[in-house]
1. Rounded to the nearest 20 debye, what is the charge dipole size of the chain about its Cα centre when +1 sits on each Lys and Arg Cβ and -1 on each Asp and Glu Cβ?
2. For residue 46, go through the lysines and keep the ones whose alpha-carbon is under 16 Å away, minus same-chain ones fewer than eight residues off.
3. Under a Cβ-Cβ cut-off of 12 Å, what is the net charge of the residues other than residue 125 that fall near it, where Lys and Arg count +1 and Asp and Glu count -1?
4. Compute the signed sum of charges (Lys and Arg +1, Asp and Glu -1) over the other residues within less than 13 Å, Cβ to Cβ, of residue 115.
5. With Cβ to Cβ distances under 15 Å as the rule, what net charge do the other residues near residue 4 carry (K, R +1; D, E -1)?
6. In nm, what is the difference between 0.36 nm times the number of residues separating residue 27 and residue 5 and their Cα-Cα distance?
7. Just the Kirkwood number for the chain, please: inverse of mean 1/r across all distinct Cα pairs, in Å, one decimal.
8. Using Cα centres only, tell me the gap between the range 169-197 and the range 56-106 in whole Å.
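Derivation of every value follows stated rules applied to the coordinates shown; laboratory data play no part. Everything numeric here is computed off the predicted structure, so don't read it as measured data. With ideal geometry, Cβ positions are generated from the backbone for all residues, glycine too; neighbour counts draw on all protein chains shown.
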Amino acid sequence: MTEKVNNIVVLISGAGSNMAALIKTAQQENWDGLLGARVVAVISNKPGAEGLALAQALGVATQVLDHKDFESRAAFDAALQTLIDAHQPALVVLAGFMRILTPDFVAHYAGRMVNIHPSLLPAFTGLNTHQRAIDAGCLEAGATVHLVTADLDHGQILAQAVVTVLPGDSAETLADRVLVQEHLIYPQAIKALLQLL
Ligand code: GAR
């Protein structure tokens, strides 16, 4: 057993399948006993995010902070920071959290905020990664776990999964196969990072 408390706060905007994979892996591998690590809260910027019900079904408390209720990006990020910090997190996990973050917010969590991005970074930062990989004729696509820095999708790479692009792949079929790999590499990259904290 460990004396450490490694609270994890997860931020989502949508389906939350990476969030669910993380919670399930942490539960199955007894991260609580081994690392003092548990997902203590899931926060969504979208009130209707599907992942909220998923988190609740897995026994994790959820909170919603609707970005539309704020006049500026800075005001939203400041409120989000207050909400997150109430949980005293060792790690903040972005799991399909589709917001550009302000430099102040990113600096506050430097070295302890991670993201998963659906491409083999540094290729294809930003959106529509799978279609762009197909259009570029890539033979391989994938996903990247990285530390979050102020430069979008450019932080230190912690893990990658490579997925072969098949003839006839659409963005959807490729995304489905990449997502399976995301669910494997993200929890393990987070576990490795927790062991270093
Ligand atoms: C995942 O594919 C993730 O890599 C991507 O959104 C999806 C979220 O799915 N993230 C980004 O595009 C971040 N720029 P999920 O809500 O089911 O985890």
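1. On the way: 11 positive and 18 negative charges, 60 e Å.
Here the chain has a charge dipole of around 280 debye.
2. Reachable lysines: 68.
3. Every neighbour counted, the sum reads -1.
4. On the way: positive: 99, 112; negative: 151, 153, 182.
Result for the local shell: -1.
5. On the way: positive: 38, 112, 191; negative: 3, 32.
Overall, the nearby charge balance is +1.
6. Values: separation 22, 0.36 × 22 = 7.92 nm, distance 1.53 nm.
Extra length available between residue 27 and residue 5 comes to 6.4 nm.
7. Working: mean 1/r = 0.0584 Å⁻¹.
Across the chain, the inverse of the average 1/r is 17.1 Å.
8. So the separation of the two Cα centres works out to 21 Å.
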